[in-house]
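Inspection log for the structure reproduced underneath, given as structure tokens.
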Amino acid sequence: MFKSTNSGIIIFNFSFTYFTKTNQMKTIQIILLILIIIGLGLIFTQKYWVNPLVNFILRQTEEKVIKNDPLNISFTIDGQIYTFKNGEVQKPGAPGSVSKEVVRVFGEPVYGDLTGDKLEDAVMFITRQTGGSGTFFYVVEAINYNGIYKGTSALFLGDRIAPQNINIIDGQAVANFAERGVSEPMTVSPSVGKSVWIQFNPITGELSENKSKK
């Protein structure tokens with residue numbers, strides 16, 4: 001198409017428009033061709049990247065779940081750190097021993113506010129077996145810090161006791177269990193009821209018995 005101007009100059013813009021549209025079509029065709037090549041490449045190489053990608057996504061999801069699960073965090077027992085997975089952790093036994101040290105959650109966590117911040121914390125019994133005849137019982141707490149649980153130290157309750165339940169009263173956990181009398185041998189079944197009130201120190205992260213409560 002021709003266009004005259006006041007200066008008498010004739011502009012031939014038909015070819016310009018034609019070539020512009022042609023270049024745009026070529027650009028689109030090149031982009032489509034590239035996308036097709038990428039798609040075919042992904043299809044033919046999926047056996048190399050699909051499984052790693054799926055595993056990566058699962059790991060990320062699992063990490064998020066673990067961070068918010070009291071059964072999958074670390075606790076301190078007698079000065080050592082134990083990182084639980086699905087409520088259990090195993091460590092090598094004493095040097096020269098074929099047995100393993102096994103620590104696991106006993107029963108189910110009890111949930112409630114233990115710090116006065118209106119967030120749901122957790123408290124639970126755990127057992128520790130070191131390869132001998134003893135089964136050592138502790139109580140631990142998982143403190144909720146804005147959706148992220150952090151484990152406390154473990155408070156020792158006794159050897160081969162009979163746990164009953166855990167209550168949360170006025171912001172403190174109360175572990176109820178049966179133990180043996182002072183002079184009774186370990187062969188006797190626990191029959192003496194006991195309740196231990198547990199207090200949490202937010203500065204040290206340690207648990208201790210609140211002996212002012214009986």
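The table for this structure:
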| quantity | calculated |
| --- | --- |
| Residue among N146, N165 that is within 20 Å of the chain's Cα centre (by Cα), in the same structural domain as V89 (by TED's automatic domain parsing), more than 18 Å from T76 (Cα to Cα) and of a type in the set (S, T, N, Q) | N146 |
| Leading residue by the ranking (nearest to T127 (Cα to Cα)) among those in segment 140-193 that are basic (K, R) and touching a residue at least 24 places away in the same chain (Cβ under 8 Å) | R160 |
| Tally of residues being in a strand (DSSP E or B), under 18 Å from the mean Cα position of the chain (by Cα) and surrounded by 13 or more Cβ atoms within 10 Å (Cβ to Cβ) across segment 75-84 | 3 |
| Some residue of segment 105-112 being without any contact (Cβ under 8 Å) to a residue 12 or more places away in the chain, charged (D, E, K, R) and more than 20 Å from I81 (Cβ to Cβ) | no |
| Test set (1) surrounded by fewer than 17 Cβ atoms within 10 Å (Cβ to Cβ); (2) in contact with a strand residue (DSSP E or B) (Cβ under 8 Å, 6 or more places away or on another chain) - Y149 fails condition number | (1) |
| Pairs with Cβ under 6 Å, 6+ apart, first in segment 64-88 and on the phi > 0 side of the Ramachandran plot and outside the structural domain of I148 (by TED's automatic domain parsing), second of a type in the set (F, W, Y) and at pLDDT 95 or above | none |
| Filter result (among the charged types (D, E, K, R), under 16 Å from A178 (Cα atoms) and not in a loop (DSSP other than H, G, I, E, B)) within segment 125-167 | D159 |
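The values are calculated or read from the model by the stated rules, or taken from the named source; none is laboratory data. None of the values given here were measured: they were computed from a predicted structure. Cβ: placed from backbone, ideal geometry, glycine included. Neighbour counts: every protein chain shown.
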